[in-house]
Every structure is written in structure tokens, then in C-alpha cells.
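The next block holds one structure in the form of C-alpha cells; read it before the comments.
The values are calculated or read from the model by the stated rules, or taken from the named source; none is laboratory data. From a predicted model like this one, the values you see are computed outputs, not experimental measurements. Virtual Cβ from ideal backbone geometry, glycine too; neighbours counted across all protein chains shown. Side chains included, ligands, DNA and RNA excluded: accessible areas come from the protein's heavy atoms. Shrake-Rupley method; radii C 1.70, N 1.55, O 1.52, S 1.80 Å.
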Amino acid sequence: MTTTTHSPHSSLPQTGSRPLPVRTDSDGRETRRGRFGRQVGYLLSGLPMGIAAFVLMVTGLAFGVGTLVVVLGLPVLIGTLAMARYLARVEADHIATVTGRPLPERDAAPGFAERGRWATLRDPQAWRDLVHAVLAFPVRVASFCFTLTWLVGAVGGLTYGLWSWSLPRGDNDGLLDLAYGVTGRGPDILFNTAIGVFFLLTMVPLVRGLTVAQASLGRVLLRRGDV
């Protein structure tokens, strides 16, 4: 079996983040390892992006609304919504890359003269983009924590016998001793290895489910297109 690389979204506009190439076998089908790697990358990269988006949107919205009385709030809100549209475009590209299904196209934006000076404030999609940046934050945090925990648990549990000697031993003889009062290095290694096997066997469905949940929120609120 040979492995080739191509992009399933070559027809998408290359905006924000470029869709990553997809590894396929000789029949043109995407390899499981390639799909799993893209899903893990999508979930782990969601945390820094989510933090930045949440801080920018909440700060911009609060400052803009708070300064509306002195007119300064209008350009602040417009800038915040413009940033929300850019972040939505990046997330739309990520969703298209990780799921293989691009989001619906955003309605074409008319020219500046036709739109008017404050048209961004009247754009419902821009406000949905802002709402997504706020609502997606706890989802991204949870996805990041679960994904990292399962990855570390699988690797750490399966290799526990190689590094358990370096752990300080006090009044207990490991996790098995704390939980069930069973002592001995052998049972401790077997117990932790079993935990690692559990994380390994459940990792793929967990990552797949988290990817679907996080991407589904974007499919509900976002659209694909240029800002």
C-alpha cells in the first residue's frame, strides 16, 4: 500500500488558515492515522485560539457598549465584529479540513458605498461570529483537557513500568495501594498499564466525539467566506 498526499479542499478559498494536506492510501482513501492526527491537532489548537477569541470578543464588546455614550463605542464595536469575522473564517477552514465538509458559503458582501458606514453593525452573521467565539470557549477548554488527559494517560500508563522506579515511595506503594491496599511493584505496574490500555482503546472514539461536538457548534453559527 502506498501513501499519497493531497488536499480535499483545493476548491476552497485559501483564506485565514490553509487546509492541511490529507494522507491517503493507494485507493485514495484517507488513512486512519492521518484523520486521527488532524482531529487531535484541531482539538489541542482550539485552546489558544479559544482564549484569544474569547478575550478579544468580551473585551471589545464590553468596551464598545460601555463607550457608546461618547460615540467611541461604535468604531470599537465595528472593529470587534471585523475581528470576529476573521476568527470565524479561520475556524471555518479548520472545520473543513478536519471533517472534510466545508461550511456553507457566507453571503457576498456588497461594496462599501452600497453597505454604508456602519453596515457591519447590521450584519447578523457578524454577530453570530461573535457569539460563536464566546460560546465555543468552554467547549474548546473541555475538548483540550479531555484530549490531553487521554493522550498522556495512554502513553504514561503503557510505559509506566519503564519510569515508575523514579517515583518517590512514601507510606504507600502506588495508586493501587492507595485505592485498594494492594502492595507490590508488580501489581502496581499491571494496574497502571491496564489504565493505559483503557485510555488507548477509548481514545479514538473520544477524540472523534469531541471533534464532532466542537465542529457542530461552528456549523450552527458560522459561514465560510472572505471578510
> Across the range 87-104, what is the total count of residues that are touching a Ser or Thr at 6+ places or on another chain (Cβ under 9 Å) and over 17 Å from Arg38 (Cβ atoms)?
Replying inline: 1
>> Quick test for you: out of Val220, Val207, Val182, pick the one residue that is closer than 30 Å to Asp123 by Cα and either under 33 Å from the mean Cα position of the chain (by Cα) or at pLDDT below 90 (or both).
In response: Val220
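Within the range 190-203, identify whether any single residue is more than 37 Å from the chain's Cα centre (by Cα) and open to solvent by 50 Å² or more (accessible area, probe 1.4 Å), and answer yes or no.
Applying the first criterion (more than 37 Å from the chain's Cα centre (by Cα)) to the range 190-203 yields none.
Within the range 190-203, not a single residue is more than 37 Å from the chain's Cα centre (by Cα) and open to solvent by 50 Å² or more (accessible area, probe 1.4 Å).
Within 30 Å of Leu47 (Cα to Cα) and either surrounded by 12 or more Cβ atoms within 10 Å (Cβ to Cβ) or touching a residue at least 24 places away in the same chain (Cβ under 8 Å) (or both), is that true of Val131?
On the way: within 30 Å of Leu47 (Cα to Cα): yes; either surrounded by 12 or more Cβ atoms within 10 Å (Cβ to Cβ) or touching a residue at least 24 places away in the same chain (Cβ under 8 Å) (or both): yes.
Considered against the rule, which asks whether it is within 30 Å of Leu47 (Cα to Cα) and either surrounded by 12 or more Cβ atoms within 10 Å (Cβ to Cβ) or touching a residue at least 24 places away in the same chain (Cβ under 8 Å) (or both), Val131 comes out as yes.
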> Within the set of pairs 6+ apart or on separate chains, which have a first residue in the range 75-104 that is at negative phi and in contact (Cβ under 8 Å) with a residue 60 or more places away in the chain, a second that is in a helix (DSSP H, G or I) and open to solvent by 10 Å² or more (accessible area, probe 1.4 Å), and C-beta atoms under 6 Å apart?
Replying inline: His94/Tyr42; Val98/Arg38; Val98/Gln39; Val98/Tyr42
> Under 7 Å by Cβ, and 6 or more places apart or on different chains, what pairs join a residue from the range 30-58 that is within 17 Å of Val212 (Cα to Cα) with one that is part of a helix (DSSP H, G or I) and among the charged types (D, E, K, R)?
Replying inline: Gln39/Arg208; Gly46/Arg140; Leu47/Arg140; Gly50/Arg140
> Mind checking which residues of the range 149-175 are surrounded by 13 or more Cβ atoms within 10 Å (Cβ to Cβ), under 28 Å from Val207 (Cβ atoms) and without any contact (Cβ under 8 Å) to a residue 60 or more places away in the chain?
Replying inline: Trp150, Gly153, Ala154, Val155, Gly156, Gly157, Leu158, Thr159, Tyr160, Gly161, Ser164, Leu175
>> Quick check on this structure: which one of Arg106, Arg122, Arg140 is surrounded by 16 or more Cβ atoms within 10 Å (Cβ to Cβ), within 21 Å of Thr80 (Cα to Cα), among the basic types (Lys, Arg) and modelled with pLDDT under 95?
In response: Arg106
